[in-house]
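Report on the structure given below.
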Amino acid sequence: MLPRGRSELEVMRHYQELADLNFGVDSGMYPLGSCTMKYNPRINEDMCRLDGFATLHPTQPESTVQGALQLMFELQSDLAEISGFEATTLQPAAGAHGEYTALMVIRAAHVAHGDARKVVIIPDTAHGTNPATVTLCGYQVISIPSDERGLVELSELKAMLNEDVAAFMLTNPNTLGLFETDILKITEAVHAVGAYCFCDGANLNALLGITRPGDMGFDALHINLHKTFSTPHGGGGPGAGPVCVTDELAEFLPGPLVGQDPEDRTYHFITPQNSIGRVKSWYGNFGVLVRAYTYIRALGASGLRLSAEQAVISANYLRTQLRDEFNVVHDRACMHEFVMSGSRQKKESGVRTLDMAKRLLDYGFHPPTIYFPLVVEEAMMIEPTETEPLETLDAFVDAMKRIAQEAIDDPEILHSAPHDTPVRRLDEATACRNIIVADLD
Amino acid sequence: MDYLSIQPEQRTLMLDAIGVADFDELIGEIPESIRLDRELEIGGGLDELELSRFMRSLASKNINCTQLISFAGAGCYDHYIPSCIDHILRKPEFFTAYTPYQPEFSQGTLQAIFEYQTSICILTGMQVANASMYDGATALAEAALMTVRASRNKRTEILASQTLHPQYLEVLDTYALSGLMQVRVVSFEDLAEAIDENTASILVGYPNFIGAIENIASVITSAHEKGSLAVVCANPMMLALLDSPGSLGADIVVGEAQCFGNPQSFGGPGLGYFAATDKLMRLMPGRIVGRTTDVDGKDGFVLTLSTREQHIRREKATSNICSNHALNALAAGAYLRYVGGDGLLEIALTCVQKAHRLSSELMSTGLFEPAYEDEYGYEFALTYLGEHKLEKIYNTLVEQRFLPGVLIDDKTILIAVTEKRTEEEIDAFVKAVRHAA
């Protein structure tokens with residue numbers, strides 16, 4: 001049996017102690033590449049908690065939830081407009097779940113044409129969820145290496161394309177923070193063999209109001225509302241991973257979607273004709289949808305575009321400020337993030353990227369995404385987001401420069417970092433060998 | 001409105017520092033032909049006051065469950081959420097944090113999840129629980145796939161009890177489209193008989209979708225006798241009262257834990273919980289927190305067994321799950337810590353007693369009979385004996401601000417009673433049903 005209950009004070013103290021051991025966006029800069037750790041506006045938190053949203057039961061008659069359905073209908077439309085597609089499902093619960101949904105929709109389209117096909121091509125820079133999703137959908141993964149520009153090599157891709165290929169999954173801008181300049185030729189080549197192009201929308205924050213995946217020739221896209229649309233990451237979730245598709249694929253989306261009666265303007269659940277079926281119970285992570293919708297209504301078209309521009313400017317600012325101390329891998333204009341390598345520090349001082357990341361903790365910054373993408377040695381993937389103040393960006397640059405200097409003067413302080421955190425480096429090997437995942441004594 | 005901190009003149013300074021004349025120079029690699037030459041056609045650009053008014057007006061177009069007397073369940077329940085839970089969730093150190101990949105900065109999240117895993121293990125009678133799944137439906141689908149892997153893909157058929165949540169069965173069907181497993185839906189009574197050498201696992205509800213507590217112990221035994229695994233999908237609130245699935249031999253226990261401190265929120269985000277025997281631990285999907293020590297010998301927590309996961313193992317990962325429902329798990333962990341085993345027992349008992357009282361009073365109207373003979377907890381199904389469709393009564397009751405339950409078909413309604421329903425509300429509901437019929 002569970003232990004006896006605790007007093008409210010004991011519970012609040014316990015979680016205050018735990019909170020004090022944690023670091024969030026409110027605590028400091030969180031430049032995790034491809035994670036878009038932007039500020040989480042507080043009005044979103046208030047709105048999703050309104051009784052009119054938070055206490056709704058999913059089986060209530062449609063006539064009693066018109067406000068919720070209107071919100072979902074408008075969010076479907078807004079996301080389709082922002083991404084350049086025709087239809088949206090809000091059901092997927094997370095980015096990987098959205099990838100899964102989109103790939104199953106593509107699979108259904110192939111099956112409708114008589115053949116599910118066998119393989120899905122992904123670049124070697126892809127997020128780990130991409131290949132894992134391919135497997136979950138019953139497909140084989142073929143990996144395409146990036147070229148010296150850090151982009152998809154069109155001739156290489158063409159050589160891989162044939163009628164066994166179900167889809168090409170591409171993140172654009174890619175995980176090196178670079179825009180795939182050949183994108184129109186890429187999507188055309190993929191379509192030429194009857195395959196579909198899926199856009200991993202993890203990096204959509206760079207594109208808002210500037211360019212749209214639908215206009216690039218993609219057939220489907222998933223969107224991480226917990227990245228681009230400011231909903232909080234919650235220490236790992238919940239997120240939401242809506243999927244937008246072309247007209248051609250709309251009939252296969254998971255149901256229900258929200259539609260509007262053209263005559264009396266009321267909102268109703270509808271299920272597409274050849275739906276793949278549900279990917280989740282009920283209608284999606286509604287509480288997250290309310291937050292994202294609130295954010296879009298706050299920013300509007302001009303606010304979204306301004307945010308994307310600033311995200312790109314801030315990333316380029318950091319890239320140019322850090323290029324003397326670190327090896328910026330593709331040192332040209334990037335989008336909302338860039339990747340630099342700790343290879344110089346490793347070679348000259350024996351200091352690894354992991355050591356520098358841990359040292360950043362001592363300076364009060366969350367480290368960038370490290371050792372990803374896999375194609376870059378000792379990678380550090382940096383995404384400042386648009387919401388960080390210039391003073392904070394400059395402080396981050398200072399900290400990185402000090403660390404570069406420490407690598408030369410005193411590498412040991414990096415090897416043994418962090419020094420000032422609630423715990424220091426943890427023994428992960430023992431945790432895997434002598435496994436304790438619950439306190440059952 | 002926007003949430004930028006950088007001022008226009010700072011933007012100019014930054015462009016100068018980068019060495020470009022204007023923003024367009026930074027996006028030179030985007031072909032002209034795909035640049036959007038207009039503004040996005042979306043509404044908005046509201047200031048915070050306008051935004052708040054607008055969102056409140058949208059919310060007020062709904063009739064919510066503080067205005068309705070709800071007897072609806074079907075996996076999403078109107079339990080009371082103690083005030084302190086949301087105050088914990090609103091701590092920015094928790095809700096604005098990322099996944100705890102940097103453990104030195106994330107001990108709060110990690111310890112909270114470890115404590116949640118512990119509570120789930122105790123309730124289910126299992127040895128290991130993960131850090132959460134999206135919801136009960138996806139947890140069940142992932143459990144089914146895991147049992148195929150456990151057979152090294154030698155057994156690929158899943159036998160799912162017909163009395164599981166219909167939406168969970170739909171999600172299973174979607175996940176089976178990949179060809180990685182085949183799902184056959186069988187009545188609970190026929191499950192044991194249907195197991196053969198291709199059966200990876202049987203899936204049963206506990207209680208089942210319509211609230212019945214079926215004899216899952218015997219079908220679990222049959223599964224094991226024929227070399228198959230048993231997955232139990234349980235309402236965890238009821239586990240305060242029932243024998244734990246682990247004690248009955250379950251190999252995997254999953255379900256929806258929205259009932260622990262999470263709002264209904266129109267059905268999401270909920271909380272999928274996932275627990276298994278330690279034998280199956282390395283095949284589990286999702287993140288798992290483990291306890292270890294740091295270089296100074298101090299106790300601490302880390303994400304462990306990561307080599308199962310997509311960011312390490314890529315196409316060979318046990319699942320593609322990355323984001324999970326950590327904040328909902330934090331709510332559940334805090335709820336269970338606050339109410340404790342004693343409190344949970346009391347809450348579950350109160351629900352069950354109130355449900356039994358309502359059931360017998362509705363029966364005494366002569367309008368209904370039980371849909372089944374099994375024992376039930378705080379949710380039960382009744383068959384309407386009248387001539388017309390039950391929907392008519394349902395609609396009349398909604399007009400009177402009752403949410404009478406969930407209609408399963410023309411004659412059957414599924415009714416849940418939580419601790420929030422007062423004696424007066426139950427009496428008023430019975431009276432309203434009499435009048436409506």
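The values are calculated or read from the model by the stated rules, or taken from the named source; none is laboratory data. Keep in mind the model is a prediction, meaning the values are calculated, not measured. Here Cβ is always computed from backbone atoms with ideal geometry, including for glycine, and neighbour counts include all displayed protein chains. Remember, those area values only see protein heavy atoms, side chains included, never the ligands or the DNA or RNA. Shrake-Rupley method; radii C 1.70, N 1.55, O 1.52, S 1.80 Å.
The packing ranking of peptides B:224-235, A:179-190, highest mean first, is B:224-235, A:179-190, where packing means the average number of other beta carbon atoms within 10 angstrom of each residue. Tell me the total accessible area that B and A bury against each other, 1.4 angstrom probe, in square angstrom rounded to 100. That pair hides around 14700 Å² of surface in total.
Using only side-chain charges placed at the Cβ, +1 for Lys and Arg and -1 for Asp and Glu, the dipole size of the protein assembly as shown relative to its Cα centre rounds to 1180 debye. The alpha carbon centroids of segment A:117-185 and segment B:231-258 are separated by 41 Å. Between segment A:374-441 and segment A:48-92, the alpha-carbon centres lie 39 Å apart.
Principal axis extents of the C-alpha atoms in chain B (largest first, rounded to whole Å): 82, 53, 50. Taking a straight Cα-Cα cut-off under 22 Å and skipping sequence neighbours fewer than 8 places away in the same chain, the lysines within cross-link reach of B:K154 are A:K118, B:K226, B:K279, B:K316.
When ligands, DNA and RNA are left out and all protein chains stay put, how many square angstrom of accessible area per residue does chain B have with a 1.4 Å probe?
Numbers: 15810 Å² over 437 residues.
The answer is 36 Å² per residue.
Along the axis of the charge dipole computed for the protein assembly as shown (Cβ charges of +1 for Lys and Arg, -1 for Asp and Glu, origin at the Cα centre), the listed residues A:F198, A:T271, B:C233 are led at the positive end by B:C233.
Taking each residue of B:270-276 in turn, how many C-beta atoms of other protein chains fall within 10 Å of its C-beta, and what is the average? All intermediate terms of the calculation are to be shown ahead of the outcome.
Values: counts 8, 2, 3, 0, 0, 1, 0.
Taking all residues of B:270-276 together, the mean is 2.
Largest first and in whole Å, the equivalent-ellipsoid semi-axes of segment B:1-103 read 43, 23, 16, each the square root of five times a Cα gyration tensor eigenvalue. Using every pair of distinct Cα positions in the protein assembly as shown, the Kirkwood expression returns a hydrodynamic radius of 27.7 angstrom. Considering only B:C121, B:L4, B:Y101, the residue lying farthest towards the positive end of the dipole of segment B:1-155 is B:C121, judged by Cα position with unit charges set on Cβ.
Report the charge-dipole magnitude of segment B:76-217 in Debye, nearest 20, computed about the Cα centre from +1 at each Lys and Arg Cβ and -1 at each Asp and Glu Cβ. Don't skip to the answer; put the middle values down first.
Working: 7 positive and 16 negative charges, 86 e Å.
Dipole magnitude for segment B:76-217 comes out near 420 debye.
Once the 1.4 Å probe is applied to the protein heavy atoms, segment A:1-142 comes out at 28 Å² accessible per residue.
Among the trypsin sites (Lys or Arg not before Pro) found in segment A:315-396, those both in a DSSP coil and sparsely packed, with 15 or fewer other Cβ atoms within 10 Å of their Cβ, are A:R323, A:R332. Counting Lys +1, Arg +1, Asp -1, Glu -1, what net charge surrounds A:A438 among other residues with beta carbon under 11 Å of its beta carbon? Value of the local net charge: -3. Residues of segment B:295-319 whose accessible area (probe 1.4 Å, heavy atoms of protein chains only) drops by at least 20 Å² once all protein chains are present, relative to their chain alone: B:V295, B:D296, B:K298, B:V302, B:T304, B:L305, B:Q310, B:R314, B:E315.
With a cut-off of at most 12 other beta carbons within 10 Å, and DSSP calling the residue loop, which trypsin sites (Lys or Arg not before Pro) in segment B:96-159 qualify? Please list them. Walk me through the numbers on the way to the answer.
On the way: sites: B:R149, B:R152, B:K154, B:R155; in loops: B:R152, B:K154, B:R155.
In loop regions of segment B:96-159 (DSSP not H, G, I, E or B), the sparsely surrounded trypsin sites (Lys or Arg not before Pro) are B:R152, B:K154.
Per residue of A:92-98, other chain Cβ atoms within 10 Å of the residue Cβ number 6 on average. Taken per residue, the accessible surface of segment A:373-441 reaches 45 Å², heavy atoms only and a 1.4 Å probe.
With no solvent and one equal point scatterer per Cα, compute the Debye intensity ratio I(q)/I(0) for segment A:377-431 at 0.17, 0.27 Å⁻¹ and report its log10, rounded to two decimals. Summing over Cα pairs of segment A:377-431 leads to -0.82, -1.12.
Using packing as a proxy for protection, rank A:279-290, B:387-398 so that the peptide with the highest average count of other Cβ atoms within 10 Å comes first.
Details: A:279-290: 28.3, B:387-398: 15.8.
So the peptides A:279-290, B:387-398, ranked by packing, come out A:279-290, B:387-398.
The angle separating the long axis of helix B:326-364 from the principal Cα axis of greatest extent in chain B is about 30 degrees. Relative to the longest principal axis of the Cα atoms of chain B, the long axis of helix B:8-18 lies at roughly 70 degrees.
Report, as an integer, the average count of C-beta atoms from other chains found within 10 Å of each Cβ along A:73-84. If you can, show how the numbers build up before the last one.
On the way: counts 0, 4, 0, 0, 3, 5, 1, 0, 3, 4, 0, 3.
That average works out to 2.
Once the partner protein chains are put back, segment B:176-198 shows a loss of at least 10 square angstrom of accessible area, versus the chain by itself, at B:L177, B:S178, B:L180 (probe 1.4 Å, ligands and nucleic acids excluded). Its DSSP H runs of at least 4 residues, each contributing -39,500 (n - 2.57), put the calculated 222 nm mean residue ellipticity of chain B at -11500 deg cm²/dmol, to the nearest 500. Taking each DSSP H run with n ≥ 4 as -39500 (n - 2.57) and averaging over every residue of chain A yields -12500 deg cm²/dmol at 222 nm. Sorting the segments B:135-142, B:71-78 by their mean number of nearby beta carbons within 10 angstrom, highest to lowest, gives B:135-142, B:71-78. The share of accessible area on the protein assembly as shown that comes from carbon and sulfur is 48 percent, using a 1.4 angstrom probe.
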